[in-house]
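Down below is the structure, laid out as structure tokens.
The values are calculated or read from the model by the stated rules, or taken from the named source; none is laboratory data. In this text the structure is predicted, and so the values were computed from the model without any measurement. Here the Cβ is made from the backbone with ideal geometry for all residues, glycine too, and neighbour counts use every protein chain on show. Side chains are part of the model used for accessible areas, which takes the heavy atoms of the whole protein and leaves out ligands, DNA and RNA. Shrake-Rupley method; radii C 1.70, N 1.55, O 1.52, S 1.80 Å.
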Amino acid sequence: MGNAEEERALREQRLGPVVRRRHQMRPETTDQRLLDTQGATHWVHEDPFRVMRIQSEFVEGFGTLAELGRAISVFGSARTPEGSPEYEAGVRIGRALAEAGFGVITGGGPGAMEAANRGATEAGGVSVGLGIELPFEQGLNPYVDIGVNFRYFFVRKTMFVKYAQGFVVLPGGLGTLDECFEALTLVQTKKVTRFPIVLFGSAYWKGLVDWLTNTLIAEGKASPHDLDLFHLTDDIDEVIDLVTKESGP
């Protein structure tokens, strides 16, 4: 290398596609800055980094579930005790859905979610659990074959809707109501293609349906046609018939 080239090299720095010269040159390399563990850490708690976490959750969910095939999301209480009639109904519904050729998607937790996953697994079907980071209900139930854990509820809800051809709603609490009404709203507003929403357990859901009819619709806050957005039944065979018929082949 001649003197001129040596002098230019001393005054020029190449950082990937970027060229820096003279007083714009930096003393460290890009890798050095990346691997430096002594820098500030506050950035991991700021919104730009949260956006990356959210993006990564969508990527993981889409990548894991893209080839799932036909599936039904089953919602219900994490507090449903094993051996109760509601738990046994969840097992039977999960089993019947698997035998009808559907994968079963739940929140991956205990109770009614475990029951539906258990039925699907025992029938040799695809059993999916979409978990959520909470201060309680940690971990996926043992009957989940494909599990994805999420930090963010809204990412998890997207997966419930995107990869299901219908919803079966077992008796449940606030989380179940949240998922049920979000599904009803998405169908009502045509944000998603129409698909069946089945409420299982008429005794449990009757009060809610009466309130929808006698208060919400009676006061003009919703249309009488909105009652057609869901089905109410106590018959497991009817559950399967409804999701099979409306979900198509």
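Rolling a 1.4 angstrom probe over the protein heavy atoms, how many square angstrom per residue are accessible across the chain?
57 Å²
With the Cα gyration tensor of the stretch 194-249 in hand, convert its eigenvalues to equivalent ellipsoid semi-axes via √(5λ) and list them largest first in whole Å.
Working: eigenvalues 111, 43, 5 Å².
Equivalent-ellipsoid dimensions as semi-axes: 24, 15, 5 Å.
Once you order the gyration tensor axes a ≥ b ≥ c over the Cα atoms, which shape class does the stretch 154-249 get: rounded for a/c under 1.5, otherwise prolate or oblate by comparing a/b with b/c?
Since a/c stays below 1.5, the shape of the stretch 154-249 is classed as rounded.
Express the C-alpha Rg of the stretch 62-139 as a ratio against the empirical globular expectation 2.2 N^0.38 Å, rounded to two decimals.
In units of the 2.2 N^0.38 Å rule of thumb, it is 1.04.
So, R0 is 22 Å and r is the distance between the beta-carbons of Ala218 and Thr185; what FRET efficiency does that work out to, to 0.05? Present the calculation step by step, with values, prior to reporting the outcome.
Working: r = 20 Å, r/R0 = 0.89.
Approximately 0.65, to the nearest 0.05.
Scan around Asp145 for amide H atoms under 5 Å from its own, H built in the peptide plane at 1.01 Å from N, and keep only partners 5 or more places away or cross-chain.
Correct list: Ser127, Val128, Gly129.
In Å and from the alpha-carbon atoms only, list the Rg and Dmax of the chain.
Rg and Dmax of the chain, Cα atoms, are 25.8, 92 Å.
Please list the non-local residues whose amide H lies under 5 Å from the amide H of Phe150, H modeled 1.01 Å from N, same-chain partners needing a gap of 5 or more.
Gly131, Ile132, Glu133
Place the peptides 85-97, 211-223, 102-114 in order of packing, highest mean first, counting for every residue the other Cβ atoms within 10 Å and averaging per peptide.
Going by the mean number of other Cβ atoms within 10 Å, highest first, we get 102-114, 85-97, 211-223.
Percent of alpha carbon pairs in the stretch 58-190 separated by more than 21 Å?
The share of Cα pairs beyond 21 Å in the stretch 58-190 comes to 32 percent.
What is the angle, in °, between the Cα long axis of helix 47-65 and the longest principal axis of the Cα atoms in the chain? Nearest 10 is fine, range 0 to 90.
Approximately 60 degrees, to the nearest ten.
Please compute the alpha carbon radius of gyration of the stretch 110-152, then divide it by the globular-protein estimate 2.2 N^0.38 Å. Two decimals is fine.
In units of the globular-protein estimate, the stretch 110-152 measures up at 1.13.
Using alpha carbon centroids, what distance separates the stretch 119-161 and the stretch 28-103, in Å?
7 Å
Per-residue ellipticity at 222 nm for the chain, helices alone: DSSP H runs ≥ 4 residues times -39500 (n - 2.57), over residue total, nearest 500 deg cm²/dmol?
Using -39500 (n - 2.57) per qualifying helix, the result is -13000 deg cm²/dmol.
Using alpha carbons only, how many degrees (0 to 90, rounded to 10) separate the axis of helix 112-122 from the longest principal axis of the chain?
90 degrees
If we sort 153-159, 50-56 on the protection proxy, mean other Cβ atoms within 10 Å, highest first, what's the order?
By packing density, highest mean first, the sequence is 153-159, 50-56.
List the residues, sorted by chain then number, that are 5 or more residues from Val168 or on another chain and whose placed amide H is less than 5 Å from its amide H.
Hits under the 5 Å cutoff: Ser73, Val74, Phe75, Val198.
Would you mind telling me the share, in percent, of accessible area of the stretch 124-226 contributed by carbon and sulfur at probe 1.4 angstrom? The partial results should precede the final answer.
Numbers: 3100 of 5290 Å².
The nonpolar share, carbon plus sulfur, comes to 59 percent.
Quick one: Cα convex hull volume of the stretch 39-88, Å³ per residue?
Expressed per residue, the convex hull around the Cα atoms of the stretch 39-88 is 163 Å³.
For each pair in Lys162/Lys191; Lys157/Lys245; Lys157/Lys191, compute the distance between the two Cα atoms and list the pairs where it is over 20 Å.
In this structure, Lys157/Lys245 exceed 20 Å between Cα atoms.
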